[in-house]
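First the structure, in the form of structure tokens, and then the observations on it.
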Amino acid sequence: MVFQVTLSKSGNQFNVEESETVLDAALRTGYVIPYSCRIGSCGSCKARIVSGSIDYGEYEGNILTEVERAQGIALLCQAHPLEDLVVDAREVAVSEEIEIKMLPCRVVRLEQLNHDVMGLSLKLPQNQQFNYLAGQYIDILLRDGRRRSFSIANAPKEGGELELHVRRVPDGFFTNQIFNTMKERDLLRFQGPLGTFFLRQDSDRPILLMAGGTGFAPIKAIVEQAIEKDITRPMHLFWGARTEHDLYLDEMARYWAVQHEHINYTPVLSEVEPENGWSGETGWVHDVLLAHYPSLEQHEVYMSGPPPMIDAAHAAFLEHGLPDEHLYYDSFEFSADVPA
């Protein structure tokens, strides 16, 4: 069966096939709703079902609570309509030039950035154009049909090269392949660009950026693009990690702050070894951000990292006055499988 979905804010309508989720159908028909993981683990695509009934699908239990379900909230990446729907969801304006594609690519560089993060550079075919927004991600398509999602760690540039930051996952099939057997000139396939995590350039709000671990990758791309486009809004980056070794591109972030008056950088460590003489900030990165900016009413926040960080920061930032519509995040699990 085919059901019709109406987006209440705009009145836009699209049809959902029986095998599709609401999000899949929206993206297929050109309507972009906030989303990230697409597997029910991040909550980016939460929206209220104004009318109609749905199959809620499968998702991590703490991502959508019973209270939220009672309020009509659903995860659009998992929701299947059981009848026509009216949905209260924000739409994201994305250039028509941003087209989701499946493309081949070639490994051109492997650079170990620290003990458990590999920098992977991919080259696209010369006859293929791939447009994306800094902050978006791609899915690497494995031969057995599984996918692995990775944020693009560089701003768009001529030559069609994509940079990924890959953290080794214990017993991870693909990450162990990258660290142990992958070599330059190997061929891969990917789908993208995906996600709605990118810098909103139509705003004049000061920008706060928060990264956890390899969540630095899309933040790096956003900062690079802002510098390239001469966006000089005040920008403060907070990067949280366990130890100094986990700040695998710390010198790059410090360089941005030295070279650009409008950029500040604060690294934060959660596990400090006294013998290393660390004199910087310690604790949870979102707590440190709030110590610097206790009132967030006038700011815009971009955060990327593991779900526990995102969940804790999300609630805390709203309590400190951040308008929900000015909070953008990319929440991911390092080892999550995305079904083909």
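Computed from the coordinates by the stated procedures, all read-outs in this text should not be read as laboratory data. On a predicted model such as this, the values are computed, not experimentally measured, just so you know. Virtual Cβ from ideal backbone geometry, glycine too; neighbours counted across all protein chains shown.
Expressed in nm², what is the orientationally averaged projection area of the convex hull enclosing the Cα positions of segment 157-215?
Orientation-averaged projected area of the Cα hull: 6.6 nm².
Could you give me the ³J(HN,Hα) list for segment 7-20, computed from phi with Karplus coefficients 6.51, -1.76, 1.60 and θ = phi - 60°, whole Hz, x at Gly and Pro?
Per-residue couplings from phi come out as 8, 5, 5, 9, x, 5, 10, 8, 9, 10, 6, 4, 8, 9 Hz.
Check cross-link reach from K9 to the lysines: straight Cα distance under 16 Å, and skip same-chain residues fewer than eight apart.
Hits, sequence-local ones excluded: K46.
Once amide H atoms are placed 1.01 Å from N in the peptide plane, what residues at a sequence separation of 5 or more from G283, or on another chain, have their amide H within under 5 Å of its amide H?
L269, S270
Cross-link candidates for K101: which lysines have Cα within less than 20 Å, leaving aside residues fewer than 8 places away along the same chain?
Excluding near neighbours in sequence, the set is K123, K157.
Grab the Cα-Cα distance for E97 and E161, subtract it from 0.36 nm times how many residues apart they are, and report the gain in nm with one decimal.
21.3 nm
Give me, ordered by chain and number, the residues 5 or more places off F332 or on other chains with an amide H under 5 Å from its own placed amide H.
Correct list: G305.
I want to check the label-to-label distance for A315 and Q128. Put each point 7 Å from Cα in the C-beta direction and report it in nm to one decimal.
Label at A315, label at Q128, 4.3 nm between them.
For segment 207-331, divide the Cα radius of gyration by the Kirkwood radius and give the resulting Rg/Rh value with two decimals.
Result: Rg/Rh = 0.94.
Give the long-range amide H neighbours of V92: residues separated by 5 or more places, or on another chain, with amide H under 5 Å away, using H modelled in the peptide plane at 1.01 Å from N.
The list, which skips near neighbours in sequence, is V32, I33.
Which value in nm describes the separation of the simple spin-label points at K229 and R69, placed 7 Å from the Cα toward the beta carbon?
The two pseudo-label positions are separated by 4.0 nm.
Pairwise over distinct Cα atoms, reciprocal of the mean inverse distance: report the Kirkwood radius of segment 101-194 in Å, one decimal place.
13.4 Å
Counting Lys +1, Arg +1, Asp -1, Glu -1, what net charge surrounds K157 among other residues with beta carbon under 15 Å of its beta carbon?
Charge balance near K157 sits at -1.
May I ask you to evaluate 6.51 cos²θ - 1.76 cosθ + 1.60, the Karplus curve with θ = phi - 60°, for each residue of segment 186-202 and list the ³J(HN,Hα) values in order in whole Hz, giving x for glycine and proline?
5, 9, 9, 10, 9, 10, x, x, 10, x, 10, 9, 7, 5, 7, 8, 8
Compare the Cα positions of Y56, P170, F332 along the charge dipole of the chain (+1 at Cβ of Lys, Arg; -1 at Cβ of Asp, Glu; about the Cα centre) and return the one farthest towards the positive end.
Going by the Cα projections, it comes out as P170.
Highest first, please rank the peptides 44-54, 64-74 by the mean number of other Cβ atoms sitting within 10 Å of their residues.
The densest-packed peptide leads the list: 44-54, 64-74.
Tell me, how many Å apart are the Cα centres for segment 160-191 and for segment 282-335?
Using only Cα atoms to place each centre, the spacing works out to 29 Å.
Computed from the coordinates I sent, Cα extents along the principal axes in Å equals one of (1) 62, 49, 39; (2) 57, 48, 43; (3) 55, 48, 37. Tell me the label.
Answer label, from the structure shown: (1).
Taking only C-alpha pairs under 8 Å that are 6+ residues apart, what is the relative contact order of the chain in percent?
For the chain, the relative contact order is 15 percent.
What are the ³J(HN,Hα) couplings of segment 217-227, residue after residue, when phi is run through the Karplus curve with 6.51, -1.76, 1.60 and θ = phi - 60°? Round to Hz, x for glycine and proline.
4, x, 5, 4, 4, 5, 5, 4, 5, 4, 5
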